[in-house]
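What follows is a set of notes on a single structure, which appears directly below.
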Amino acid sequence: MAAKEKFAEPTYLECGFGELEYKVIKSEICCRCGTCEAFCPRIEHVENKPALVNYDPLCGLCFTYCPRTFLDMGAMETKLFGRTRNATEALGIYKKAVSAQAKPIVAGAQDGGVASALLVQALQSGVIDCAVVTDRDEEWRTVAKVVTSAEEISASAGTKYTISNSVDAVRVALEKGYKKIGFVGTPCQIQGLRKVKLLDEPYQFGQDRIALLVGLFCMENFDYEALMNGLVKARFGLAPKDVARFEIKKGMFRVIDKTGKAHEVKIEETDAFTFPGCGPCFDFASELADISVGSVGSGDGWSTVLTRTDVGEKLYAVALAKGAVSEKPVSEKGLALAGRLAAGKVKRFESKCALMNVSGIIR
Ligand SMILES: Cc1cc2nc3c(=O)[nH]c(=O)nc-3n(C[C@H](O)[C@H](O)[C@H](O)COP(=O)(O)OP(=O)(O)OC[C@H]3O[C@@H](n4cnc5c(N)ncnc54)[C@H](O)[C@@H]3O)c2cc1C
Ligand code: SF4
Ligand code: SF4
């Protein structure tokens, strides 16, 4: 019996990798989140993109969970929060917004180190039994990994401004038998995992073992080769292994080398290195995460934190009570700036959708 006959809903069953490839990968709206690779044993990461390596039974799984095939935010918000956002909620639905900082400070953290501190707290309090993080090698190539200690989480701190199929490492965590998996990542990666957790599907492959989603703010991300060759090498004369840190601050993209020297260009000058799949992306603040962490809105060395779900709210409260983070009020001005960036991203999404002929993603 065909899947469509067996399961009245969803109707996208029998859309297989061919449809995913046509609608998302070949049309360059794929954000390389790794969700399709994580949950289908027939899809692997080949030459930096998802590829079918076995016959396709048209189960619909990859098409269903991909954040770029279809995404109805209203429906997702209703399932997750019990309501849809109102017009003033530019950063999505959240319970509490604060500026926070990890205690003690996490060496190598991008901002306040709160993303790392929350994962450590979640591990120590039993909310998760492993964390999927995105580390890097000497050349700044991303390396997604499954970690189980505070030391490993801290060692993976810091932003890598290049696309990473990090969700694929959730597959490794599932294969290793972890039962409470924590994940930290970009809004698109969170969208993929939230779809996996929320959509009513006939498949059970362990999605209930994904216990915590820590989302990052994200305006855009970059292609590794384009960024390293076009900016780091060609413009700054640096080898990737000479870079100590990348950061985006006050409209500048900055590369700090290992001697401590800063090299910078205006963010507009990095457009050529942006990953094409970031175009049709509306989500600045990881609106479907349990808790979101970003830099905009708070001062140097601090993170802006938005608790969204009960899971996120409780984890943050425990981290605060145990002294793993300290907090101060986030300024109205800071939150308004984050809101303006989020609104700007939605505008860019709308124009890119028209340009790239994107359908099915409803903000
Ligand atoms: C591509 C990208 C773009 C961003 N753009 C913005 C922005 O426009 N505005 C803003 O306010 N904040 C942005 N951020 C978030 C910001 O850079 C920090 O990650 C955030 O403030 C958390 O800081 P922290 O010190 O608490 O995190 P840390 O404690 O340093 O932990 C950071 C975590 O991020 C994860 N990570 C790093 N790189 C990647 C990656 N490429 N993919 C998935 N996960 C990754 C690591 O696993 C690490 O655990 C961006 C992050 C990324 C990855
Ligand atoms: S966006 Fe993610 S899930 Fe969709 S095709 Fe690309 S890697 Fe796969
Ligand atoms: S801009 Fe969007 S698609 Fe690109 S990395 Fe950030 S969240 Fe993902």
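Please compute, for the alpha-carbon atoms of the chain, the extent along each of the three principal axes and give them in descending order in Å.
63, 48, 42
Note down the magnitude of the dipole of the chain about its Cα centre, charges +1 on Lys and Arg C-beta and -1 on Asp and Glu C-beta and zero elsewhere, to the nearest 20 debye.
About 780 debye.
Could you give the length gained by full extension between E225 and K266, i.e. 0.36 nm per residue of separation minus their alpha carbon distance, to one decimal place?
This chain segment gains 12.8 nm when fully extended.
Could you pull out which residues in the stretch 323-347 have an amide N less than 12 Å from a spot 7 Å beyond the Cα of R363, following the Cα-Cβ vector?
Only 340-347 pass the distance filter.
Note down the relative contact order for the stretch 224-273 as a percent, whole number, built from C-alpha pairs under 8 angstrom at least six residues apart.
29 percent
Return a whole-number percent for the relative contact order of the chain, with Cα pairs under 8 Å and 6 or more residues apart as the contact set.
Computed over the chain, the figure is 22 percent.
Normalise the Cα radius of gyration of the stretch 224-273 by 2.2 N^0.38 Å (N = residues in it) and let me know the number.
With N residues counted in the stretch 224-273, Rg over 2.2 N^0.38 Å equals 1.02.
Work out, step by step, the length gained on full extension between T84 and R245: first 0.36 nm times the residue separation, then minus their alpha carbon distance; give nm to one decimal.
Between T84 and R245, full extension yields an extra 54.2 nm.
For the stretch 123-218, which GluC sites (Glu not before Pro) are in a loop by DSSP, counting at most 16 other Cβ atoms within 10 Å?
For GluC sites (Glu not before Pro) across the stretch 123-218 that sit outside H, G, I, E and B with at most 16 neighbouring Cβ atoms in 10 Å, the list reads E138, E139.
In the chain, which whole DSSP H runs stretch at least 30 Å along their own axis (Cα) and average 0.0 or higher on the Kyte-Doolittle scale?
Sorted by number, the helices that extend far enough and score high enough are 332-356.
Laboratory data are not the source of any read-out in this text; all were calculated from the coordinates shown. Note that the structure is a prediction, hence the values are computed from the model and not measured. Neighbour counts are summed over all protein chains in view; Cβ atoms, including those assigned to glycine, are modelled from backbone coordinates with ideal geometry.
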